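To start, the structure under review is shown below, and the notes come after it.
The values are calculated or read from the model by the stated rules, or taken from the named source; none is laboratory data. Note that the coordinates shown come from a computational prediction; the quantities given were computed from them, not determined experimentally. Heads up, the Cβs are rebuilt from the backbone with ideal geometry, glycines too, and the neighbour counts pull from every protein chain shown.
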């Protein structure tokens, strides 16, 4: 290839990359606007997302459509669409696909489908294993279906990644309480309260742990 041809090819590649970056930025802005509209006008956001889909079926359009469906109460359909988007050929980076799965998992939790949520969060963690929030989300799913050992493993990993995080210690205190490990539960409660003294959920867990300790001292057991 001649020098002129090489320069021309390089310029063409640079132009393609520049155009690609501009399109990506424009789509990101459009997605942000669409998602923001869901908060105040989900039906309008859904219509906007459908119109965007008809323009080219872009991933952002499909994501916003799914999120709008969830906001409108069609949670199962929206969650399923997000899961499908995470597996599509144009689903984007690993991080983007993990976001779709995280959103699907939280949607499943909205309707009490904890097992489905755990599956979505597990798939998301396969793509983004260092995301502490995903570990906490999956632990929540496990706790809802009494998979205490699995929840404990996720919470231990989350605390190892983010030491002192109040929500993780509060959740682990609940797991310890379920397993009658009351001293460990209180230790986690104290750590959580040191980080966030006014958290209502932690205060409630502390009350339950104290009551369990009192009953245990009297030879009785805390009822669920």
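Within the stretch 152-160, identify whether any single residue is surrounded by fewer than 20 Cβ atoms within 10 Å (Cβ to Cβ) and either farther than 14 Å from residue 135 by Cα or more than 24 Å from the chain's Cα centre (by Cα) (or both), and answer yes or no.
Taking every residue of the stretch 152-160 in turn, none turns out to be surrounded by fewer than 20 Cβ atoms within 10 Å (Cβ to Cβ) and either farther than 14 Å from residue 135 by Cα or more than 24 Å from the chain's Cα centre (by Cα) (or both).
For the stretch 36-88, which positions are under 20 Å from residue 25 (Cα atoms) and either assigned to a loop (DSSP other than H, G, I, E, B) or free of Cβ contacts under 8 Å to residues at least 12 places away in the same chain (or both)?
36, 37, 51, 54, 55, 56, 57, 58
With respect to residue 186, determine if the residue is assigned to a helix (DSSP H, G or I), touching a helix residue (DSSP H, G or I) at 6+ places or on another chain (Cβ under 9 Å) and over 28 Å from residue 129 (Cα atoms).
Values: assigned to a helix (DSSP H, G or I): yes; touching a helix residue (DSSP H, G or I) at 6+ places or on another chain (Cβ under 9 Å): yes; over 28 Å from residue 129 (Cα atoms): yes.
Yes: the conditions hold for residue 186.
Scan the stretch 125-144 and give yes if some residue there is farther than 26 Å from residue 87 by Cβ and at pLDDT 95 or above, otherwise no.
Among the residues of the stretch 125-144, at least one is farther than 26 Å from residue 87 by Cβ and at pLDDT 95 or above, which makes the answer yes.
Would you confirm whether or not the stretch 164-171 contains a residue that is more than 24 Å from the chain's Cα centre (by Cα), within 28 Å of residue 119 (Cβ to Cβ) and at pLDDT 95 or above? Spell out how you get there, then give the answer.
So in the stretch 164-171, the residues more than 24 Å from the chain's Cα centre (by Cα) come out as none.
The answer is no, given that none of the residues of the stretch 164-171 is more than 24 Å from the chain's Cα centre (by Cα), within 28 Å of residue 119 (Cβ to Cβ) and at pLDDT 95 or above.
Quick check, is residue 95 farther than 24 Å from residue 130 by Cα and surrounded by fewer than 17 Cβ atoms within 10 Å (Cβ to Cβ)?
no
Is it fair to say residue 180 is assigned by the TED database to the domain that holds residue 132, exposed (fewer than 13 other Cβ atoms within 10 Å of the Cβ), out of contact with any strand residue (DSSP E or B) (no Cβ under 8 Å at 6 or more places or on another chain) and in a loop (DSSP other than H, G, I, E, B)? Can you show your working first?
Working: assigned by the TED database to the domain that holds residue 132: no; exposed (fewer than 13 other Cβ atoms within 10 Å of the Cβ): yes; out of contact with any strand residue (DSSP E or B) (no Cβ under 8 Å at 6 or more places or on another chain): yes; in a loop (DSSP other than H, G, I, E, B): yes.
Judged against the criteria, residue 180 is not a match.
Somewhere in the stretch 66-87, is a residue surrounded by fewer than 23 Cβ atoms within 10 Å (Cβ to Cβ), assigned by the TED database to the domain that holds residue 141 and more than 23 Å from residue 33 (Cα to Cα)?
Yes, because at least one residue in the stretch 66-87 is surrounded by fewer than 23 Cβ atoms within 10 Å (Cβ to Cβ), assigned by the TED database to the domain that holds residue 141 and more than 23 Å from residue 33 (Cα to Cα).
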